[in-house]
Each structure stands twice: as C-alpha cells, then as structure tokens.
Amino acid sequence: GLAAYRVVQESLTNVHKHAGPHASAQVSVRRGPEELEITVLDDGVASAPHKGAGGHGLVGMRERAAALGGSCEAGPRPGGGYRVRVVLPLEEGR
C-alpha cells in the first residue's frame, strides 16, 4: 500500500524535476498472484537525472523495496527518457 504509493510519488517527482518541461510520464501497476509491479516511464531527457543536489529519491526507493523483499531497477531508456521498475511482494492473505 504505502510503499507502492511512495514509489509512484517519488518517480513522478523525479520526472517533474529532471525530465524537462515538456516530458510526460506513464505509470503502470500490475498485480500478480504474489507481487505488485510498478513501472514509471518518461519521455524526457535521460541524462542521469538522479545525481547532484538531493539525489536520495532512487536510493530511498531501492532501500524501501529491499526492506520489503522486493527490487528496484532504474535507468535511461534506449530511445530516450527514463524508466523506474519496482517489484514488491504482496503480503500473505491480501
């Protein structure tokens, strides 16, 4: 719940801060039987946007995902833009 929300929130904040004024973002959420997969794609400039001032957003997402037994991958997309993909295990019984 909250971890998934924070991943989307931080990813969209990064798009706003780093992808350029005309960038757009696409958010997808897929629920599997045992995991939740969140992918955020943008079509902005893919220039290692998470270095420099601040820069703790991706670190925080990776730490949050790892603490819950999940994973976080992020990086430039081949055609331009940036991609963040987080997989979080679903809790038992939910």
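Read the figures in this text as sums done on the coordinates, not as results from a lab. Since this is a predicted model, take the numbers as computed values, not measurements. Here Cβ is always computed from backbone atoms with ideal geometry, including for glycine, and neighbour counts include all displayed protein chains.
For the chain, the longest principal axis of the C-alpha atoms and the axis of helix 57-67 are separated by about 10°. Computed about the Cα centre, the dipole magnitude for the chain is approximately 220 debye when only Lys and Arg (+1) and Asp and Glu (-1) carry charge, each at its Cβ.
Working ranking of peptides 37-44, 16-23 by packing, defined as the average number of other Cβ atoms within 10 Å per residue, highest first, is 37-44, 16-23. Relative to the longest principal axis of the Cα atoms of the chain, the long axis of helix 2-18 lies at roughly 10 degrees. Along each principal axis, taking the top coordinate minus the bottom one, the Cα set of the chain gives 42, 23, 20 Å in descending order. What is the Cα centroid distance between the range 3-36 and the range 59-76, reported in whole angstrom? Comparing the Cα centres of the range 3-36 and the range 59-76, I get a distance of 13 Å. Name the residue farthest towards the positive end of the dipole of the range 2-89 from the options GLY20, GLY60, TYR82, assuming +1 on Cβ of Lys and Arg, -1 on Cβ of Asp and Glu, about the Cα centre. Sorting the options by dipole projection puts first GLY20.
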